[in-house]
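Chemist: The structure is given below, and queries will be raised subsequently.
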Amino acid sequence: MSLEKFYFALTGCGMAIAGLLMLYRRIAFLTTGTRTEARWVDWEKRGRRPSYHPVIEFTTTDGSTQRITGLSGYSKKPANSTQTYQVIYEERAPSKGLIYSFLHFWGGPIAFLSFPIPLFWLFFSRLKKWPRGPLFPRGQNWSDPHGLPRS
């Protein structure tokens with residue numbers, strides 16, 4: 001087994017384990033958390049190439065107001081929103097609530113569970129040896145569509 005294949009298998013296993021843990025935590029959060037309606041408050045700018053994440057506000061069952069920021073954002077700042085959001089939070093830590101949408105809630109686990117698929121394919125493929133050498137060998141004429149040498 002080549003070292004490259006070992007790296008693909010190791011990375012794939014790590015990502016699959018992380019994805020399974022994320023999926024377990026999200027399902028546990030979904031079953032034990034409290035759902036409520038939230039309203040949009042502002043946009044938070046993050047990153048070097050800025051993305052704008054929704055800041056939303058909700059009221060817990062004990063009457064306290066909490067603000068959370070969404071996990072995913074937009075590349076351009078959207079117009080002010082009057083949209084309401086579904087939020088799931090735990091009573092003991094309401095500031096760690098999550099917006100209940102496909103992207104915010106399930107996007108991470110799905111990504112971490114789907115990325116290992118091509119890595120495992122590369123590990124289990126029947127490539128005996130990885131191709132080595134330059135991408136464009138010297139002496140070959142790449143301007144001729146038929147690849148024929150010039151006379």
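Chemist: Any idea what log10 I(q)/I(0) is at q = 0.18, 0.31 Å⁻¹ for the range 26-78, Debye with uniform C-alpha scatterers and no solvent?
Modeler: The Debye formula, applied to the Cα set alone, gives -0.70, -1.13.
Chemist: Between the range 4-24 and the range 64-104, how far is it from one alpha carbon centroid to the other, in angstrom?
Modeler: If we compute the Cα centre of each part, the gap is 28 Å.
Chemist: Shifting gears a bit: Modelled label-to-label distance, THR84 and PHE115, 7 Å Cα→beta-carbon offset: nm?
Modeler: A separation of 3.6 nm, rounded to one decimal place.
Chemist: Explain nothing, just compute: Karplus ³J(HN,Hα) = 6.51 cos²θ - 1.76 cosθ + 1.60, θ = phi - 60°, for every residue of the range 66-83 in order, whole Hz, x for Gly and Pro.
Modeler: Rounded to whole hertz, the list is 10, 10, 9, 10, x, 7, 10, x, 10, 6, 10, 5, x, 5, 4, 10, 10, 5.
Chemist: Out of the GluC sites (Glu not before Pro) in the range 20-120, which ones are loop residues according to DSSP with at most 16 other C-beta atoms within 10 Å?
Modeler: Answer by residue number: GLU91.
Chemist: I would also like to ask the following. Compute the FRET efficiency between ALA28 and ASP62 as 1/(1 + (r/R0)^6), taking r as their Cβ-Cβ distance and R0 = 25 Å, and round to the nearest 0.05.
Modeler: In this case the efficiency is close to 0.70.
Chemist: Do any trypsin sites (Lys or Arg not before Pro) in the range 45-93 lie in a loop, going by DSSP, with at most 12 other beta-carbon atoms within 10 Å of their beta carbon, and if so which?
Modeler: Counting only loop positions with at most 12 other Cβ atoms within 10 Å, the trypsin sites (Lys or Arg not before Pro) in the range 45-93 are ARG48, LYS76, ARG92.
Chemist: Also, quick follow-up: Which shape class applies to the range 3-124: rounded if a/c is under 1.5, otherwise prolate when a/b exceeds b/c and oblate if not, where a ≥ b ≥ c are the square roots of the Cα gyration tensor eigenvalues?
Modeler: Oblate is the answer for the range 3-124, as a/c is 1.5 or above yet b/c matches or exceeds a/b.
Since every read-out is calculated from the coordinates, none of them should be taken as a lab result. Everything quoted here is computed from the prediction, not taken from an experiment. Note that each Cβ is placed from the backbone with ideal geometry, even for glycine, and that neighbours are counted across all protein chains shown.
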